[in-house]
Amino acid sequence: MSGGATAARELPAGLDAASVEQMSAEQLLAFVIEQFHPRLYVACSFQKEASVIMDIALRISPEVRFFTLDTGLLFPETYHTWRRLEQRYGIAIDVYQGPSLARQAVLHGDKLWERDPDACCGLRKVAPLKQALARVDCWVTGIRRDQSPTRANTPKLHWDERHGLWKANPLADWSDKDVWRYIAAHEVPYNPLHDRGYESIGCTHCTRPGSGREGRWYGHAKTECGLHG
Ligand code: SF4
């Protein structure tokens, strides 16, 4: 299961989709770390699921690599959570960024996020994600099936056709309560915006308090930034 964007798309012998679905988050993370590290990248959004995955992954191996997409428009609480996690675990999270906000304004005008959020996410999230994923054979996300209808059928491990590599979603079958239970049991640092009613947390201009992903891109039909579908 290695070899860059042309990596074999079949699961290893003896492992089928049903058996992957039986794996716990710990088992799946251990499996992909063993199969792919160092060509494995864990995505960090600094939402509560990212905190849980970081804690589990680093218990398995302190060498696991993490990355984030810094849009330059994250909440102060999100940047603070980023620093807290790095300090707690003694790690440095790789950063990928789009153009500076000034450059974006010159090229596309002010407040692109209001006029064309798809274009803004494309520049500030999707393009940097492509850069990050070009370096690895598998990435890990904090997607949960109960976050939105578009995520309801998320497999725990699958070939990510859009980006040409494997994608692991170890918390796919976790509930919100499962996440909070883990955070409390292991005293994991998490984004305090969750305590203020923000279920899904992105950029300051496009995030409002709300359950599920309804607080994102308020006033637009958009529910995904283009990273996951
Ligand atoms: S979430 Fe909003 S501000 Fe952030 S990149 Fe997307 S459109 Fe731009």
Q.
If I go through region 175-229 residue by residue, how many of them are open to solvent by less than 30 Å² (accessible area, probe 1.4 Å), farther than 16 Å from Lys48 by Cα and at pLDDT 85 or above?
A. 1
Q: Provide a single number: the residues in region 53-84 that are under 15 Å from the mean Cα position of the chain (by Cα), of a type in the set (A, V, I, L, M) and more than 20 Å from Glu34 (Cβ to Cβ).
A: 2
Q: Could you please find all residues in region 91-123 being within 30 Å of Val179 (Cβ to Cβ) and in contact (Cβ under 8 Å) with a residue 60 or more places away in the chain?
A: Trp113, Pro117, Asp118, Cys121, Gly122
**Q.** Only listed residue being among the hydrophobic types (A, V, I, L, M, F, W, C), open to solvent by 30 Å² or more (accessible area, probe 1.4 Å) and either away from the ligand (no atom under 12 Å from the Cβ) or under 15 Å from Thr71 (Cβ atoms) (or both), chosen from Leu157, Leu107
**A.** Leu107
Q | Search result, residues across region 69-90 that are within 25 Å of Cys138 (Cα to Cα), free of Cβ contacts under 8 Å to residues at least 60 places away in the same chain and within 13 Å of the ligand (Cβ to nearest atom) | A | Asp70
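The values are calculated or read from the model by the stated rules, or taken from the named source; none is laboratory data. Worth saying up front: this structure is predicted, and the values here are computed from it rather than measured. Every residue, glycine as well, gets a Cβ built from its backbone with ideal geometry; the counts of neighbours run over all protein chains shown. These accessible areas exclude ligands, DNA and RNA; they are computed on the full protein's heavy atoms, side chains included. Shrake-Rupley method; radii C 1.70, N 1.55, O 1.52, S 1.80 Å.
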